[in-house]
2 protein chains.
Amino acid sequence: MRWDALEEEPCSVARTIGVIGDRWTLLILRECFLRTRRFEGFQSALGITRHLLAERLKKLVRTGILRRIPYQESPKRHEYILTQKGLDLYPVMMAIVHWGDTHMVDERGRPLLHEHKKCGKLFDPVMVCSECGEPLLAKEVTTRPGPGARPRPNRSTAEGEAKPKSRKQATA
Amino acid sequence: MRWDALEEEPCSVARTIGVIGDRWTLLILRECFLRTRRFEGFQSALGITRHLLAERLKKLVRTGILRRIPYQESPKRHEYILTQKGLDLYPVMMAIVHWGDTHMVDERGRPLLHEHKKCGKLFDPVMVCSECGEPLLAKEVTTRPGPGARPRPNRSTAEGEAKPKSRKQATA
DNA sequence: AGTCTATAGTTCTAAAATCGAACTGTCAAT
DNA sequence: ATTGACAGTTCGATTTTAGAACTATAGACT
């Protein structure tokens, strides 16, 4: 599977990953949400090589996540600003932050706290159901094919109720 | 920046990305949430090389996201099951799915719909504030250093109010 | 006994991506 | 004339990934 093929898969996860699913891109987006806007700002904050940074920024502009806006003439200089499409990645970022806060912090605790201007409190992000407002748990959700569904490539026999014709079952 | 260094950064995004922030790992996790559990199942669903799949599964087990559980003896065979830590990645997955559903679908529409067993309806995932329950928007959130904060490496002069000593301002 | 299939890997070489460092170019300030 | 800020580009060396073949165990089939 080549990586430009990802964007044509009939799967919203695969398509999204095709655009933002690499390490540097995600870190660049973190910086965007922390208000970094300029080449040097990204470079010094991340330690990314200039070569890759230039390439990733180009891709983010090409995919409509960032906009490249001039902030001065002579010499021409540009800032990279999140578009609405880019801002819509906020839940992805917050979900990542929150998982890290929950499972990856060291003894010092969280490096960053978030305050919701609307209610004035420090908060955690919670993923809820748009219909009933309850927090979402993986076990309480089922999926079904949507209008854009296509048959998945062979998942063969590896799935399901594990019917190994007559092998000794593990006791776990 | 080497990649094992990511997990020691004082940033929950960086640490999380150090664990799940590559393309194959995210796709493997998608499969996990779609109930794939076995080596062959992942391999045929994803088209990943067996070499990389083995490596990524090992890492996911090592980081406590998957558990490797025997399901038969002779020959020994194992399934890869999400731990609670892994299940907690559900909001990350759903945020990615939802962004893809919003910004990356083709004319056919969504490939997959989600039903919430609790309320019985098809839903979208919404990220809300744990304190007031309102949907979270990037612009309505401010950050402050938490107990685990450490000074960030030089973000130098690239930030802030863009005070180019006296250069011609762009008109944008 | 020999062969086939299922499953879960490991090994190897070639191709692609990334790193690290240096280099280019514009313009203001000194 | 030189230096510094900024935004890249170029290039050889290193690391990762792709793609294919190979190993191993054991039941089923002939």
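Quick test for you: out of B:P75, B:P10, pick the one residue that is more than 7 Å from chain A (Cβ to nearest Cβ) and assigned to a loop (DSSP other than H, G, I, E, B).
Working: B:P10 fails: more than 7 Å from chain A (Cβ to nearest Cβ).
Exactly one residue qualifies, and that residue is B:P75.
Could you please tell me which pairs satisfy a Cβ distance under 8 Å, a separation of 6+ or placement on different chains, a first residue in the range A:62-88 that is under 14 Å from B:H103 (Cα atoms) and acidic (D, E), and a second residue that is away from DNA strand C (no atom under 15 Å from the Cβ) and modelled with pLDDT of 95 or more?
From residues that are under 14 Å from B:H103 (Cα atoms) and acidic (D, E), the pairs are A:D88/B:W99; A:D88/B:T102; A:D88/B:H103.
Of the numbered conditions (1) among the polar types (S, T, N, Q); (2) at pLDDT 95 or above; (3) over 26 Å from B:E7 (Cβ atoms), B:S74 satisfies every one except a single condition; which is it?
Among (1) among the polar types (S, T, N, Q); (2) at pLDDT 95 or above; (3) over 26 Å from B:E7 (Cβ atoms), B:S74 violates only (2).
Could you go through the range B:55-70 and let me know if any residue there is within 21 Å of the chain's Cα centre (by Cα) and within 7 Å of chain A (Cβ to nearest Cβ).
no
So which residues in the range A:97-138 are at pLDDT below 95 and more than 7 Å from chain B (Cβ to nearest Cβ)?
The one that is at pLDDT below 95 and more than 7 Å from chain B (Cβ to nearest Cβ): A:E107.
Can you name the residue in the range A:29-49 that is assigned to a helix (DSSP H, G or I) and in contact with a helix residue (DSSP H, G or I) (Cβ under 6 Å, 6 or more places away or on another chain) and is also surrounded by the most Cβ atoms within 10 Å (Cβ to Cβ) among such residues?
Only one residue tops the list, namely A:F42.
Looking at the range A:42-50, can you tell me whether even one residue there is within 12 Å of DNA strand C (Cβ to nearest atom), closer than 24 Å to B:L137 by Cβ and free of Cβ contacts under 8 Å to residues at least 40 places away in the same chain? Lay out the reasoning, then the answer.
Filtering the range A:42-50 for residues within 12 Å of DNA strand C (Cβ to nearest atom) gives A:43, A:46-50.
With the extra rule that they be closer than 24 Å to B:L137 by Cβ, the set shrinks to none.
For the range A:42-50, residues within 12 Å of DNA strand C (Cβ to nearest atom), closer than 24 Å to B:L137 by Cβ and free of Cβ contacts under 8 Å to residues at least 40 places away in the same chain: absent.
The values are calculated or read from the model by the stated rules, or taken from the named source; none is laboratory data. Bear in mind the structure is a predicted one, so any value in this text is a computation, not a measurement. No Cβ is skipped: glycine too gets one built from the backbone with ideal geometry, and neighbour counts run over all protein chains shown.
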